[in-house]
Amino acid sequence: MTQTPHCTICQSAVTYFDGTLFHCTECFHAWTQEDMTAAENSKKVLDSNGNELFDGDDVTVIKDLKVKGSSMVVKRGTRARGIRLSADDPTHVQAKVDGQTIFILTNFLKK
């Protein structure tokens, strides 16, 4: 017997495959294999070079960036330490730069 994947919504292990769709018996969600691969790919947060970023990583800014609502400018080469990934948008990370916590787009960062 093959192992069915966990539900993509509620992470329940009580799932089954009916030949075309996977079904969750707890939340009644149905999905396909393509839905699972798309969900896995969308969860990855990538930097400007295509490296995957994780919570707590230290990254380098690759371009001078003006911070909105402030007179602060983050210079190229500045290290942002201990990033936190945004749950809502995979293109934004929260980082501490020069003592201030700011959001930075991932396409301006490298690992």
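The values are calculated or read from the model by the stated rules, or taken from the named source; none is laboratory data. Remember, predicted model here, so these are calculated numbers, not experimental data. Please note: Cβ atoms are built from the backbone with ideal geometry, for glycine as well, and neighbour counts cover all protein chains shown.
Among the numbered conditions (1) within 15 Å of the chain's Cα centre (by Cα); (2) surrounded by 12 or more Cβ atoms within 10 Å (Cβ to Cβ), the only one that Leu65 does not meet is (1).
Looking only at residues in the range 60-85 that are in a loop (DSSP other than H, G, I, E, B) and in contact (Cβ under 8 Å) with a residue 40 or more places away in the chain, the one that is farthest from Ala38 (Cα to Cα) is Lys63. Tallying residues that are among the polar types (S, T, N, Q), closer than 13 Å to Val45 by Cβ and in contact with a Lys or Arg (Cβ under 6 Å, 6 or more places away or on another chain) within the range 55-111 yields 1. Every test in (1) free of Cβ contacts under 8 Å to residues at least 40 places away in the same chain; (2) in a loop (DSSP other than H, G, I, E, B) is passed by Asp35 save one, and that test is (2). Among the residues of the range 4-17, which ones are in contact with a strand residue (DSSP E or B) (Cβ under 9 Å, 6 or more places away or on another chain) and either assigned to a loop (DSSP other than H, G, I, E, B) or not aromatic (Phe, Trp, Tyr) (or both)? Within the range 4-17, Thr4, Pro5, His6, Cys7, Thr8, Ile9, Cys10, Ser12, Val14, Thr15 meet the criteria. Scanning the range 93-110 for residues that are surrounded by fewer than 16 Cβ atoms within 10 Å (Cβ to Cβ) and closer than 27 Å to Ala38 by Cα yields Gln94, Phe103, Leu105, Asn107, Lys110.
Name every residue in the range 28-43 that is of a type outside the set (Gly, Ala, Ser), surrounded by fewer than 13 Cβ atoms within 10 Å (Cβ to Cβ) and either at pLDDT 90 or above or closer than 27 Å to Pro90 by Cβ (or both), in order of residue number.
Thr32, Gln33, Glu34, Thr37, Glu40, Asn41, Lys43
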